[in-house]
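Undergrad: My questions all concern the structure below.
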Amino acid sequence: MYYVYLLSYPETKIPFYVGVGKENRRSNVPREQQHIVDAKKLSEGKKLHKPNLHKLHTINKILATGNTPLIEILSRHDTEAEAFSEETRLIRLYGRKDLGPGPLTNLTDGGEGGLNPSPLTVAKIREKNTGRPSILPSIVTGK
């Protein structure tokens, strides 16, 4: 059984992340809770595998106020494909912050792969694969 979940700001209820989880996964920590664990690890300076820094920084800002993100299970699905389809629909509905108007910190359009990655994500992948730094991250982030 798969499910689609939403992470939202506790004060405003504005969503900032849509994801897919699987019931009975091997980890003891549910997928939607793992984001909070990862955000805490990031704030402790620990290395993470392929982190979505925007999402994790958002979570850490919420935690710094003494709150935790709201977590809502929106729907349950028999297949992973159905869950990914709903995730994609919701990301399109709410909108990604990196692509223009929209509150979500998701870096792709959802689904199984990296569908429609942000320009910053593409630049980072290119840099990693070629070993040559890209100017795009500095243009996008202003750093």
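The values are calculated or read from the model by the stated rules, or taken from the named source; none is laboratory data. As the structure is a computational prediction, the values presented were derived from the model and not from experiment. Here the Cβ positions follow ideal geometry from the backbone for every residue, glycine too, while neighbour counts run over all protein chains shown. Note: areas computed on protein heavy atoms with side chains; ligands, DNA, RNA excluded. Shrake-Rupley method; radii C 1.70, N 1.55, O 1.52, S 1.80 Å.
Undergrad: Apply the Karplus parameterisation 6.51 cos²θ - 1.76 cosθ + 1.60, with θ equal to phi minus 60°, to every residue of region 38-47 and state each ³J(HN,Hα) to the nearest whole Hz, in sequence, with x for glycine and proline.
TA: In residue order, the calculated couplings are 5, 4, 5, 4, 4, 5, 8, x, 7, 7 Hz.
Undergrad: From the phi angles alone, apply the Karplus equation (6.51, -1.76, 1.60; θ = phi - 60°) to region 72-88 and give each ³J(HN,Hα) in whole Hz, x where the residue is Gly or Pro.
TA: 10, 7, 8, 7, 10, 9, 6, 10, 5, 4, 5, 5, 4, 4, 5, 4, 4
Undergrad: Please compute P(r) over all alpha-carbon pairs of region 1-42, binned at 10 Å starting from zero, and give each bin as a whole-number percent.
TA: In order of increasing distance, the bins hold 26, 51, 22, 1 percent.
Undergrad: Based on Cβ point charges of +1 for Lys and Arg and -1 for Asp and Glu, what charge dipole magnitude is obtained for region 1-102 about its Cα centre, in debye rounded to the nearest 20? If you can, show how the numbers build up before the last one.
TA: Values: 17 positive and 12 negative charges, 87 e Å.
Roughly 420 debye, rounded to the nearest 20.
Undergrad: Can you list the residues, at least 5 places off or on another chain, whose amide H is less than 5 Å from the amide H of residue 74, using H built in the peptide plane?
TA: Here 4, 5, 6 satisfy the definition.
Undergrad: Using 0.36 nm per residue of separation minus the Cα-Cα distance, give me the extension gain between residue 43 and residue 63 in nm, one decimal. Mind dumping the intermediate values first?
TA: Values: separation 20, 0.36 × 20 = 7.20 nm, distance 1.06 nm.
This chain segment gains 6.1 nm when fully extended.
Undergrad: Next question, about the same structure. Once you treat every alpha carbon in region 3-80 as an equal point and sum by Debye, what is log10 I(q)/I(0) at q = 0.16 Å⁻¹?
TA: -0.60
Undergrad: With a 1.4 Å probe and all protein chains in place, put 44, 86 in order of accessible area, largest first.
TA: Details: 44 115, 86 40 Å².
Descending accessible area places them as 44, 86.
Undergrad: Turning to a different aspect of this structure: Calculate the spin-label point distance for residue 14 paired with residue 130, positioning each point 7 Å from the Cα along the beta-carbon direction, and give it in nanometres.
TA: It is 3.5 nm.
Undergrad: Karplus couplings for region 16-27 from phi (6.51 cos²θ - 1.76 cosθ + 1.60, θ = phi - 60°), rounded to Hz, Gly and Pro as x?
TA: 10, 7, 10, x, 10, x, 10, 5, 6, 6, 4, 5
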